[in-house]
Each structure stands twice: as C-alpha cells, then as structure tokens.
Amino acid sequence: QVQLVESGGGLVQAGGSLRLSCAASGSSSSTNIMAWYRQPPGKERELVALISSGGTANYADSMKGRFTISRDNSKNTVFLQMNSLKPEDTAVYYCFAVVTGRRYWGQGTQVTVSS
C-alpha cells in the first residue's frame with residue numbers, strides 16, 4: 001500500500017508562484033510514473049504534467065513555459081513549480097503515481113489564485 005500526500009497549496013495572487021510537493025510513503029522505491037492532475041471548480045480532472053522515473057517530463061499545452069515538474073527519487077517525492085499563476089489555475093491539484101504496477105492518487109491540495 002502506498003499513500004501520496006500533497007503539500008504546498010494555498011492562496012496566491014495572480015502572477016505569483018507556488019511549489020507543490022507530493023511524498024509517497026510505504027514501499028514505493030519502484031515508482032515508475034508520477035504526475036500532477038488538477039480539477040477546477042465545475043470541471044473535469046485534467047492532466048497537468050507527468051514525469052518518468054528517468055526524469056523525462058511531459059506537460060499539457062496550457063502549462064508549458066509556466067509549470068515545471070521534477071522529482072527526487074531518493075525521497076519518493078514529486079514537485080510542481082508553478083509560476084505566473086492565473087485565476088484560471090485555481091483548482092484542486094492531485095498527485096498521481098504508478099508504483100509496482102498499481103495506480104495511486106493523493107487526497108488533493110487546493111490552489112486558489114486571486115485577481
């Protein structure tokens with residue numbers, strides 16, 4: 001069993017930055033894929049970015065140039081650096097991981113961007 005715990009969410013003004021963290025606990029030494037999803041109010045969950053165990057990152061088009069995903073494999077942690085935040089970035093952000101062939105979701109962390 002693996003548990004994903006997000007942190008770093010909160011309230012920020014437009015144009016500001018936040019850095020989200022997601023730590024995997026349990027027997028999670030073999031994490032193949034880690035990713036961030038988000039769900040804005042009244043909308044469906046969407047992929048933000050994903051990163052392989054080797055560090056190869058992919059982003060949704062709307063996030064390119066503003067968001068950066070990274071990971072620390074020794075700590076089983078994935079990060080999402082968010083810059084130039086916009087009000088439309090307001091959402092619950094969820095951590096996702098594939099560990100030994102199983103899919104896991106975090107509980108989500110709220111990010112609110114004010115005008």
Nearest 5 is fine: what % of DSSP beta bridges in the chain come out antiparallel, could you say?
90
For the chain, what does the accessible surface come to per residue with a 1.4 Å probe? Please give it in Å².
52
Cα-based Rg (one decimal) and Dmax (whole number) for the chain, in Å?
13.4, 42
Which residue, chosen from A23, S53, T68, occupies the Cα position most advanced towards the positive end of the dipole of the chain, where the dipole is computed from +1 (Lys, Arg) and -1 (Asp, Glu) charges on Cβ about the Cα centre?
S53
In whole percent, and with a 1.4 Å probe on the protein chains, what portion of the accessible area of the chain is carbon and sulfur?
45
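The values are calculated or read from the model by the stated rules, or taken from the named source; none is laboratory data. Remember, it's a predicted structure, so these values are computed and weren't measured experimentally. Positions of Cβ are backbone-derived with ideal geometry, glycine not excepted, and every protein chain shown enters the neighbour counts. Side chains are part of the model used for accessible areas, which takes the heavy atoms of the whole protein and leaves out ligands, DNA and RNA. Shrake-Rupley method; radii C 1.70, N 1.55, O 1.52, S 1.80 Å.
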